[in-house]
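Worksheet: the structure to be examined is printed underneath.
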Amino acid sequence: MSEARPVRCLIIGAGPAGYTAAVYAARALLDPVLIAGLTPGGQLTITTDVENYPGFAEVIQGPWLMEQMRAQAEHVGTEVVNDIVVAADLSARPFRIRCDSGQVWLAETLIIATGAQAKWLGLPGEQTFQGFGVSACATCDGFFYRGKAVVVAGGGNTAVEEALFLTKFASKVTVVHRRDEFRAEKILQERLFANPKIEVIWDHAVEDVLGTTDPAGVTGVRLRHVKTGAARDVSCDGFFVAIGHAPASELFKGQLEMDAAGYLKVKAGSAATAIEGVFAAGDVTDDVYRQAVTAAGMGCMAALEAVRLLAEKDHAAAHHPISHAEAEKIGVW
């Protein structure tokens, strides 16, 4: 097994939040290490066209944007490690992080940018047409369905909000829900029912996504009545799965504060968690915006806060020399 490696700033996650945090931490000479995880690049690796990231006049590709962010992080001095974190002990500083390879990291500060994943229905056609008509983010992809018909699956706040947003672009929005009433907030339901572009199909489940492979594209969805079993096809150009997101926070259960859905809690106006030296950024703590640009901004916040914390501790250690044992006891490195 490799010897445990100390690091001033360890970043978990290789999406916009993680890479941005790495850039700022590296520029502050913290020599950050970023653990890329199972899906480097995060959700943007399954997003083809990106048209809402600042700085690009033309449509860019999600995977390409992530490659550029990684290159920038490495260029300024980040060590990117292709490994997966399997255990985290946040009970004492330095924080002890163990990876699948067996490597252990001892982190003075930790930035958690593990993101979140959209919940999918598990349909055969979902994976086939992801990025080619199947999406889990109306804010990201709605613009591409101007004047087209789309179907939204779900019955909670996410589904209703996505449907309402899509009416800005789509000619028709069909919401499919397996029950006979929504779980969404009443005010959202009122807005949905009042919108002439929206049709609701009750008591139906989406059984599959229909489409063509050359060129790749969605042509409709197959529905099945949950009570009678009768099948029907609905034509559409896009299919949006809106049954919520799951934050990748499992590693930190019982150690960090989370809300009921598992999103990490941070202090208001900050990226700091309740544990000093541990920060969270991006979709793992954001269930509202879930955008690449907001994740990047939070990554910047987390890194700057880590830089500030380490500077304060360095200053304290320089002006109040103490023994190694005392330093470990009070957490001064």
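The values are calculated or read from the model by the stated rules, or taken from the named source; none is laboratory data. As the structure is a computational prediction, the values presented were derived from the model and not from experiment. Every residue, glycine among them, receives a Cβ derived from its backbone with ideal geometry; neighbour counts consider all protein chains shown. Side chains included, ligands, DNA and RNA excluded: accessible areas come from the protein's heavy atoms. Shrake-Rupley method; radii C 1.70, N 1.55, O 1.52, S 1.80 Å.
In this simple spin-label approximation, Phe56 and Arg183 carry label points 7 Å from Cα along the Cα→Cβ vector, and these lie 3.4 nm apart. Would you mind checking the stretch 195-209 for residues with the amide N under 17 Å from a putative spin-label position 7 Å along Cα→C-beta of Leu121? From the stretch 195-209, the list is 199-209. Ordering of 173-181, 297-305 by packing is 297-305, 173-181, highest average first (other Cβ atoms within 10 Å, averaged per residue).
Heavy-atom surface analysis with a 1.4 Å probe gives the stretch 59-188 a carbon and sulfur content of 48 percent of its accessible area. Only helices enter the 222 nm calculation for the chain: every DSSP H run of n ≥ 4 contributes -39,500 (n - 2.57), and dividing by all residues gives -8000 deg cm²/dmol, rounded to 500.
Order 30-36, 121-127 from most to least packed using the mean count of other Cβ atoms within 10 Å.
Working: 30-36: 23.0, 121-127: 14.6.
In decreasing order of mean packing, 30-36, 121-127 become 30-36, 121-127.
Give me the extension gain from Glu3 to Ser270: residue separation times 0.36 nm, minus the current Cα-Cα distance, reported in nm with one decimal. Could you put the intermediate results ahead of the total?
On the way: separation 267, 0.36 × 267 = 96.12 nm, distance 3.37 nm.
Once the chain is fully extended between Glu3 and Ser270, it gains 92.7 nm.
Rolling a 1.4 angstrom probe over the protein heavy atoms with all chains in place gives the stretch 157-236 an accessible area of 55 Å² per residue. DSSP bridge analysis restricted to the stretch 104-237 gives an antiparallel fraction near 60%, rounded to the nearest 5.
Considering only protein heavy atoms, what per residue accessible area in square angstrom results for the stretch 83-143 with a 1.4 angstrom probe? Could you put the intermediate results ahead of the total?
Values: 2440 Å² over 61 residues.
Each residue of the stretch 83-143 exposes 40 Å² on average to a 1.4 Å probe.
Taking all protein chains as they are arranged and a probe of 1.4 Å, the heavy atoms of Tyr24 leave approximately 90 Å² accessible to solvent. Pairs from the table (Lys119/Lys227; Lys119/Lys267; Lys148/Lys168; Lys119/Lys253) lying more than 22 angstrom apart at Cα are Lys119/Lys227; Lys119/Lys267. For the stretch 176-229 versus the stretch 247-310, the inter-centroid distance based on Cα atoms is 33 Å.
For the chain, give me the percentage of DSSP beta bridges that are antiparallel, rounded to the nearest 5 percent. Walk me through the numbers on the way to the answer.
On the way: 29 of 61 bridges.
Counting only bridges with both partners in the chain, antiparallel ones make up about 50 percent.
Can you tell me the length gained on complete extension of the stretch Asp89 to Leu106, counting 0.36 nm per residue apart and subtracting the Cα distance?
Details: separation 17, 0.36 × 17 = 6.12 nm, distance 0.98 nm.
Gain on stretching Asp89 to Leu106: 5.1 nm.
Please report the accessible area of Arg146 (heavy atoms, 1.4 Å probe, ligands and nucleic acids excluded) in Å², nearest 10. Arg146 has an accessible surface of roughly 150 Å² with all protein chains in place.
The gain in end-to-end length when the Lys227 to Phe193 segment is fully stretched comes to 9.9 nm, 0.36 nm per residue minus the alpha carbon separation. Dipole magnitude for the stretch 1-145: about 460 debye, using +1 per Lys or Arg Cβ and -1 per Asp or Glu Cβ, origin at the Cα centre.
A Gaussian network model of the chain, with springs between Cα atoms under 10 Å, assigns the largest mean-square fluctuation among Arg290, Arg191, Arg98 to Arg191.
Relative contact order of the stretch 182-272: what whole-number percent is it, with Cα pairs under 8 angstrom and at least 6 residues apart? Provide the component values of the computation, followed by the final result.
Working: 90 pairs, mean separation 13.6, N = 91.
Reported relative contact order: 15 percent.
Highest mean packing first, where packing is the average number of other Cβ atoms within 10 Å per residue, the peptides 197-204, 12-19 line up as 12-19, 197-204. As a fraction of the 1.4 Å probe accessible area of the stretch 262-308, surface on carbon and sulfur atoms comes out at 60 percent. Using a probe of 1.4 Å, the accessible surface attributed to Asp237 totals some 70 Å² when neighbouring protein chains are kept in position. Hydrophobic long helices, here whole DSSP H runs in the chain with Kyte-Doolittle means of at least 0.0 and Cα atoms spread over 30 Å or more along the helix axis, are found at 292-319.
Given a Förster distance of 45 Å, report the FRET efficiency between His319 and Thr139 from their Cβ-Cβ distance, rounded to the nearest 0.05.
Working: r = 49 Å, r/R0 = 1.08.
Given R0 = 45 Å and the Cβ-Cβ separation, E is 0.40.
Relative contact order of the chain, please, whole-number percent, based on alpha carbon pairs below 8 angstrom and at least 6 residues apart. Could you put the intermediate results ahead of the total?
Details: 745 pairs, mean separation 65.0, N = 333.
Result for the chain is 20 percent.
Rounded to the nearest 5, what % of DSSP beta bridges with both residues in the stretch 1-86 are antiparallel? Don't skip to the end; give the middle numbers.
Working: 2 of 8 bridges.
Given both bridge residues lie in the stretch 1-86, the antiparallel proportion sits at roughly 25 percent.
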